[in-house]
Structures are given as C-alpha cells and as structure tokens.
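Visitor: A single structure is presented below for examination.
All of the numbers you see were taken from the coordinates with simple rules; none came from a lab. Values in this document were obtained by computation on a predicted structure and should not be read as measured data. Here Cβ is always computed from backbone atoms with ideal geometry, including for glycine, and neighbour counts include all displayed protein chains.
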Amino acid sequence: MAEAAIHIVRAALRPKLYRDIEIPSDRSLYDLAEAIVRAYAFDLDHAFGFFPKLTGHIYDAKPRYELFADMGADMGEGGDSLSVKKTTVAQAFPKVGKAMTFVFDYGDEWRFRVEVLALGEREPRKRYPRVVASVGKAPPQYPDLDEDFDEEE
C-alpha cells in the first residue's frame with residue numbers, strides 16, 4: 001500500500017462545515033493546503049502552516065510545518081518550523097485519527113481542523129486530490145465589509 005496509498009482527510013472550519021478530501025499520501029503538505037483552500041473556493045494567496053495543537057496557543061506547538069520555512073524566513077517562535085514542501089502528508093499525518101490545525105492567512109487566521117478519517121488505495125483513472133464530501137456553505141474568503149453600510153443608507 002506504500003506508493004498507492006491515499007489519505008482521506010476532513011478539513012473543518014466548524015463541526016457542520018467541512019470538506020473531505022482524498023489525497024495521495026506521498027504528496028506534500030503544500031499540496032494538501034492547496035487542496036483545502038481550493039475546496040473552500042479560496043485563493044492560495046497567503047502564508048499558512050500546520051500545527052499539532054488543536055486549541056489554545058497553537059503557534060508554540062511542535063512539530064509545526066510552515067510555508068515560512070520554505071521561504072527561508074521562518075517567522076515561528078524558536079525559528080524551527082519544518083517545510084510544507086518537503087514533508088509528505090503521510091509523514092505529518094501517520095495514522096487515522098491524527099489531527100492538526102491548519103492556519104491559512106495569518107492576518108485573517110482561517111483555522112481548519114484537519115483530521116485523517118481513513119487510509120486507502122488509489123483508484124485507477126481518478127484525479128487526486130479530490131473532494132469526496134462537502135457539508136455546509138463555504139464563507140467568502142474576503143467578506144464584503146461595505147455591504148452592511150450600503151444597506152443602512
């Protein structure tokens with residue numbers, strides 16, 4: 001199962017707002033981040049990271065994986081973030097039940113709980129990564145803040 005394996009992960013913004021994604025286990029965390037962002041119809045236009053803590057102050061948790069490490073400008077505390085481009089999904093999420101916080105856009109701080117639901121085999125003639133379940137309406141990446149003001153006038 002080693003080279004044909006896939007991870008089925010759930011990327012949830014809230015309990016009833018999630019996307020289940022199948023991704024080859026040998027793909028990078030960068031590829032997983034791209035799949036999550038695309039599944040929510042966001043643009044991959046901000047830095048991001050995966051953190052092993054699910055609540056509280058997640059930024060001091062280790063091991064953490066951040067795009068900053070790939071950019072040569074590790075901004076994390078202690079400067080010891082690992083690469084999202086060199087770390088595979090299987091390395092960061094070795095077993096079913098493993099969960100991490102995926103933070104996209106450190107300014108707006110979109111926090112997704114990413115958890116491995118199952119491991120499986122690749123199916124021939126299927127394109128990966130792919131969304132296999134979509135529950136709840138994704139919020140806009142950039143809410144229109146002027147909309148509220150226009151309605152009041």
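Visitor: Report, in debye and to the nearest 20, how large the dipole of the chain comes out about its Cα centre when Lys and Arg carry +1 and Asp and Glu carry -1 on their Cβ.
Guide: Working: 21 positive and 28 negative charges, 297 e Å.
Charge dipole of the chain: 1420 debye, to the nearest 20.
Visitor: Can you count the Lys pairs in the stretch 5-152 with C-alpha separation below 21 Å, eight or more apart or on different chains?
Guide: Taking the stretch 5-152 as the scope, the lysine pair count is 16.
Visitor: Pull up all non-local amide H partners of residue 133: gap of 5 or more, or a different chain, and H-to-H distance under 5 Å with H placed in the peptide plane.
Guide: Those lying under 5 Å, H to H, from residue 133 are 20.
Visitor: Gain in length, residue 5 to residue 38, computed as 0.36 nm per residue apart minus the alpha-carbon separation, to one decimal in nm? Don't skip to the answer; put the middle values down first.
Guide: Values: separation 33, 0.36 × 33 = 11.88 nm, distance 2.18 nm.
Working it through step by step, the gained length comes to 9.7 nm.
Visitor: Going highest first, how would you order 63-69, 8-14 by mean Cβ packing within 10 Å?
Guide: Most protected by this proxy first, the peptides run 63-69, 8-14.
Visitor: I've got another one for you. Would you mind checking the radius of gyration and Dmax of the chain based on alpha-carbon positions, in Å?
Guide: Looking at the chain, its Cα Rg and Dmax stand at 16.2, 61 Å.
Visitor: In degrees between 0 and 90, to the nearest 10, how far off the longest principal axis of the chain does helix 29-39 point, with axes built from Cα atoms?
Guide: Approximately 50 degrees, to the nearest 10.
Visitor: Now for a separate question. Please arrange 134, 25 by counting, for each residue, the other beta carbons lying within 10 Å of its beta carbon, fewest first.
Guide: 134, 25
Visitor: Right, another one. Name the chymotrypsin sites (Phe, Trp or Tyr not before Pro) in the stretch 76-116 that are in a loop by DSSP and that have at most 10 other C-beta atoms within 10 Å, would you? Show your work: numbers first, answer last.
Guide: Numbers: sites: 102, 104, 106, 110, 112; in loops: 106.
The qualifying sites: there are none.
Visitor: May I pose another question? Looking at the square roots a ≥ b ≥ c of the eigenvalues of the Cα gyration tensor of the stretch 22-109, which shape do they give, rounded for a/c under 1.5, prolate if a/b is larger than b/c, or oblate? All intermediate terms of the calculation are to be shown ahead of the outcome.
Guide: Values: a/c = 1.32, a/b = 1.13, b/c = 1.17.
Verdict is rounded for the stretch 22-109.
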